[in-house]
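Asks: Got a structure here, written out as structure tokens. Questions coming.
The values are calculated or read from the model by the stated rules, or taken from the named source; none is laboratory data. Just so it is clear, the structure is predicted and the values come from calculations on it, not from any experiment. Methodologically, a virtual Cβ is constructed for each residue, glycine included, from the backbone with ideal geometry; neighbour enumeration extends over all protein chains shown. Please note that ligands, DNA and RNA were not included when accessible areas were found on the heavy atoms of the full protein model with its side chains. Shrake-Rupley method; radii C 1.70, N 1.55, O 1.52, S 1.80 Å.
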Amino acid sequence: MPQHKVVNSDHFITFTNGYILNNIEFDKQHIWHPYTSSVNALPCYEVTGAKGAKLTLASGEELVDGMSSWWAAIHGYNHPTLNKAAHDQVDAFSHVMFGGITHQPAINVCRTLLDMVPDGLSRVFLADSGSVAVEVAIKMAIQYWACQGRSEKSRIVAPRNGYHGDTFAAMSVCDPINGMHSLFENVLSKQLFAPAPQTRFGQTFSEDDILPMVEMFENHHHEIAALILEPIVQGAGGMRMYHPEYLKRCRQLCDSYDVLLICDEIATGFGRTGKLFACEHADISPDILCLGKALTGGYMTMAATLCTEDVALGVCQGEPGVFMHGPTYMGNPLACAVANASLSLINQNHWQTQVQAIEQQLQSELEKCASLAVVADVRVLGAIGVVETRAPVNVAEIQRHFVRHGVWIRPFGKLVYIMPPYIISATQLSALTHAIFSYLQKQG
Ligand SMILES: *Cc1c(COP(=O)(O)O)cnc(C)c1O
């Protein structure tokens, strides 16, 4: 390997001995990407720009974005309002510690969030990523019961097929198989799992669906601190859309058996499912709510854990009297300023018509995939479209097809799914659905 770098142009690194290392090659040799092998890496595409619903590649190709950078970039990329908020805040101050200090951007974002979220939530913990927001929620729930003298209530129950993040407490409540619990068996907390809800959104609710959870509560309530779930849409654990009645019953069970309800709306929050928060489909409020992903409109990492007055008072009663969590970048002013701008765009309420239009178009255009032999199921809710195949897709191959067809879609396993920015045009959305159909059609 060459040792001395002399020129660092945009896409190549040239070394003193004349060796040229292409960006993509350097990346492949040295940089981890999400959920991939570092030694046998999948191909990566270099992005050099992004605007609206489009990504520009180093090759000059432009791709219509079907992913919103994993649920986050709901307003599209390079948005003038979000850009201005970031620029203005950089010029004021980018970060200050949150211990003993507060600032307007944090106050604004918490005030606005409390106005938007389901009733009953009154306290905000600003976390630095979704996984951390889930860690905070679980810690709060366990500490809540410990401070009431009920430290035996320390386990968390979750439906199977859930996804709540990659840190250890979050991982302990992810689906045990998808989440590869066996790898970490000796260190992961042993949580309780009920079968995933089976009645689909839009079907008639089957009473059988809630029975395993009822049984779980009857048998284990004395040791359960909280039930954690993703309301209505289970995201990375299977892209499943279930009946609001299931969520309603879970709320009732929590009330009857002294168990806190943690709703993880990190993916579903901010309009994605057709309601501002997916909880609203069931007309319920959680005791603890996790938000993230679209909170900053996809600009930077920030998340929030909100709780009720009862939870906040419970956590801080008796010893130690404080909540022991405080990330270095808690309440980062830059992230807060951009989040405020993003929330103000949401509160202009165009998302409702945008998400409705996307839902209708996804329903009509993805339907024809259902007739293909390789397709097991097609489902749509809000601005989320899912085509489930019978066998896992070849990610490298399907990605090449998509890039050739001018779209950015990143499938996993048997799931080819899209959740585009709300500002996507009808023509751009058609490019996404056509690319999915044309690939699957070729598979026979
Ligand atoms: C993405 C996600 C998380 C984790 O968020 P990160 O910011 O990636 O740590 C947690 N819960 C749900 C439902 C998610 O979709």
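Asks: What lysines does K368 reach when the alpha-carbon gap must be under 20 Å and sequence neighbours fewer than 8 apart in one chain are set aside?
Replies: K414, K442
Asks: Let me ask you something else. Please identify the trypsin sites (Lys or Arg not before Pro) of region 346-444 that satisfy two criteria: DSSP loop assignment and at most 13 other Cβ atoms within 10 Å. Which are they? Spell out each step's value before the answer.
Replies: Working: sites: K368, R379, R390, R400, R404, K414, K442; in loops: R390, K414.
Listed in order of number, the matching sites are R390.
Asks: If you plug each phi of region 202-208 into the Karplus form 6.51 cos²θ - 1.76 cosθ + 1.60 with θ = phi - 60°, what whole-Hz ³J(HN,Hα) values come out, in order, with x for Gly and Pro?
Replies: With coefficients 6.51, -1.76 and 1.60, one gets x, 7, 7, 5, 9, 4, 4 Hz.
Asks: Could I ask something else about it? Within 13 Å, Cβ to Cβ, of F184, how many net charges do the neighbouring residues add up to if Lys/Arg are +1 and Asp/Glu are -1?
Replies: -1
Asks: Same structure again: Quick one: Cα centre-to-centre distance for region 331-372 and region 160-182, in angstrom?
Replies: Each part reduced to its Cα centre gives a spacing of 27 Å.
Asks: Taking the solvent-accessible surface of protein heavy atoms with a 1.4 Å probe, what is the per residue accessible area of region 170-296 in Å²?
Replies: About 36 Å² of surface per residue is accessible.
Asks: Using a 10 angstrom cutoff on alpha carbons, build the Gaussian network for the chain and name the most mobile of S69, S59, S122.
Replies: In this elastic network of the chain, the residue with the biggest mean-square fluctuation among S69, S59, S122 is S59.
Asks: Send over the Kirkwood Rh of the chain, from the inverse of the averaged 1/r over different Cα pairs, rounded to one decimal Å.
Replies: Result for the chain, one decimal place: 23.1 Å.
Asks: Run the numbers for W70 and N349: contour at 0.36 nm per residue of separation, minus the present Cα-Cα distance, in nm. Please report the intermediate quantities before stating the final value.
Replies: Numbers: separation 279, 0.36 × 279 = 100.44 nm, distance 2.17 nm.
Residue separation times 0.36 nm, minus the Cα-Cα distance, leaves 98.3 nm.
Asks: Hey, another quick one. Could you work out [θ]222 nm for the chain from helices alone, using -39500 (n - 2.57) per DSSP H run of at least four and dividing by all its residues? Round to the nearest 500 deg cm²/dmol.
Replies: Helix contribution divided over all residues of the chain: -10500 deg cm²/dmol.
Asks: Where the centroid of each part is defined by its Cα atoms, how far is region 61-117 from region 232-309 in Å?
Replies: About 21 Å separates the Cα centre of region 61-117 from the one of region 232-309.
Asks: Above 24 Å lies some portion of the pair distances; for region 161-257, what is it as a whole percent of all C-alpha pairs?
Replies: Looking at region 161-257, the distances longer than 24 Å represent 22 percent of pairs.
Asks: What is the helix-to-structure angle for 80-92, meaning the angle in degrees between its Cα long axis and the longest Cα principal axis of the chain, kept from 0 to 90 and rounded to the nearest 10?
Replies: Approximately 80 degrees, to the nearest ten.
Asks: Separate question: Return, ordered by residue number, the residues of region 370-394 whose backbone nitrogen is under 16 Å from a label point located 7 Å along Cα→Cβ of H434.
Replies: Inside the label zone: nothing.
Asks: Quick check: the angle from helix 333-346's long axis to the longest principal axis of the chain, C-alpha only, nearest 10 degrees?
Replies: 90
Asks: I need the calculated FRET efficiency for the pair A58 and Q441, taking r as the beta carbon distance and R₀ as 30 Å, to the nearest 0.05. Display every interim value, and only then the final one.
Replies: Details: r = 30 Å, r/R0 = 0.99.
E(calc), rounded to 0.05, equals 0.50.
Asks: Report, to the nearest whole %, how much of the accessible area of region 81-347 belongs to carbon and sulfur atoms, 1.4 Å probe, protein only. Please list the in-between numbers first.
Replies: Numbers: 5610 of 10630 Å².
Reported share for carbon and sulfur atoms: 53 percent.
Asks: Taking a threshold of 24 Å on the Cα-Cα distance, which of the pairs K28/K84; K248/K275; K51/K84; K51/K275 fall above it?
Replies: Correct reply: K28/K84; K51/K275.
Asks: Could you work out the local net charge near H75, counting Lys and Arg as +1, Asp and Glu as -1, over the other residues with Cβ closer than 15 Å to its Cβ? Mind showing how you got there, number by number?
Replies: Numbers: positive: K51, K54, K84, R272, K293; negative: D65.
Overall, the nearby charge balance is +4.
Asks: Within 10 Å, Cβ to Cβ, of S129, how many net charges do the neighbouring residues add up to if Lys/Arg are +1 and Asp/Glu are -1?
Replies: Values: positive: K293; negative: D128, E135, D166.
Around S129, the surrounding residues sum to -2.
Asks: Remind me, what semi-axes does region 304-398 give for its equivalent ellipsoid, largest first in whole Å, using sqrt of 5 times each Cα gyration tensor eigenvalue?
Replies: On the way: eigenvalues 348, 88, 49 Å².
Values for region 304-398, descending: 42, 21, 16 Å.
Asks: Working from Cα positions, state the angle (0 to 90°, nearest 10) between the long axis of helix 211-220 and the longest principal axis of the chain.
Replies: Helix 211-220 sits at roughly 60 degrees to that axis.
Asks: What's the longest uninterrupted piece of the chain once you rule out the chymotrypsin sites (Phe, Trp or Tyr not before Pro) that are loop residues per DSSP with at most 12 other Cβ within 10 Å?
Replies: By the stated rule (loop sites, at most 12 other Cβ atoms within 10 Å), 94-444.
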